[in-house]
Amino acid sequence: MRWMGAAMLMLLVVTACHRSAQVKTDSDTNAAGVASADTKKTKLERFAARHGVALVRGFTEIGSVPGAYGGAVHVGASELTNVSSGEKERGIWIRVKESGSLERENTSSIDYDEIDFLLAGIDYVSKTDASVTKLNNWQADYATRGDFRVSTFSSGDGSTMAAVVSGQIGGTQIFLARDDLARVRGMIAGAKNTLDVLGGSDGVKKTK
């Protein structure tokens with residue numbers, strides 16, 4: 001439908017601008033072209049990128065929500081443990097899988113101490129509507145340190161659509177109905193509850 005194409009085009013343009021503004025420089029990668037631990041944006045990523053130590057990874061998938069036009073978003077809880085020191089990091093992971101012949105997917109990490117901010121950000125964008133601007137179209141975004149972004153935006157028929165994006169260059173995105181965004185929020189809250197049973201951030205040695 002015409003309105004659907006216009007809405008998708010608007011979000012794709014914004015996403016492309018966001019990604020182009022975030023291009024990594026040569027100093028962000030080592031000789032093999034792999035991002036170094038120092039450039040990782042989340043504590044979970046930096047913890048997992050350590051060399052010369054034995055790491056144990058625990059993870060649980062909480063659930064998934066299908067996209068409005070294919071694909072799906074998956075949410076889970078994770079715990080990383082340094083076997084030698086007993087040091088741990090906990091957080092959640094969100095995987096965005098696109099549909100199509102390639103079925104590309106990308107996963108973003110969210111540190112435990114960022115989960116409440118993400119939930120509040122989803123609450124805000126979920127409530128946003130046309131009253132926020134006098135212009136014809138609008139879009140509201142919330143992004144995490146680990147390059148997960150949730151958006152709501154106006155569509156041509158006056159309704160509100162949502163989208164989730166994981167990653168920057170080469171990242172993946174799917175579109176959701178606003179009600180399905182509430183389901184994604186519920187899974188994120190469920191993942192946090194799972195971590196809380198483990199102690200949340202209590203007893204976790206802080207990493208820089």
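The values are calculated or read from the model by the stated rules, or taken from the named source; none is laboratory data. Every value quoted in this text rests on a predicted model; they were computed, and no experiment measured them. Counting neighbours? That spans all protein chains shown, and the Cβs are built from the backbone with ideal geometry, glycine included.
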Inset, instruction - Provide a single number: the residues in segment 79-111 that are crowded, with 22+ Cβ neighbours inside 10 Å and hydroxyl-bearing (Ser, Thr, Tyr). - result: 2
Inset, instruction - Filter segment 94-143 down to residues that are in a helix (DSSP H, G or I) and more than 13 Å from ILE188 (Cβ to Cβ), then give me how many there are. - result: 7
Inset, instruction - Output the qualifying pairs, or none if there are none: Cβ atoms under 8 angstrom, residues six or more apart or on different chains, first residue in segment 82-106 and closer than 21 Å to VAL150 by Cβ, second residue surrounded by 19 or more Cβ atoms within 10 Å (Cβ to Cβ) and of a type in the set (Lys, Arg). - result: GLY91/LYS43; ILE92/LYS192; ARG104/LYS97; GLU105/LYS97
Legend entry - Where ALA35 falls short, out of the listed (1) at pLDDT below 95; (2) more than 19 Å from the chain's Cα centre (by Cα); (3) of a type outside the set (S, T, N, Q): (2)
Legend entry - Sole residue being assigned to a loop (DSSP other than H, G, I, E, B) and within 15 Å of the chain's Cα centre (by Cα), chosen from GLY156, GLY146, GLY91: GLY146
Legend entry - Residue tally, condition at pLDDT 95 or above and within 15 Å of LYS43 (Cβ to Cβ), over segment 192-208: 1
Legend entry - Breaking point among (1) surrounded by fewer than 17 Cβ atoms within 10 Å (Cβ to Cβ); (2) under 16 Å from the mean Cα position of the chain (by Cα); (3) assigned to a helix (DSSP H, G or I), for GLY170: (3)
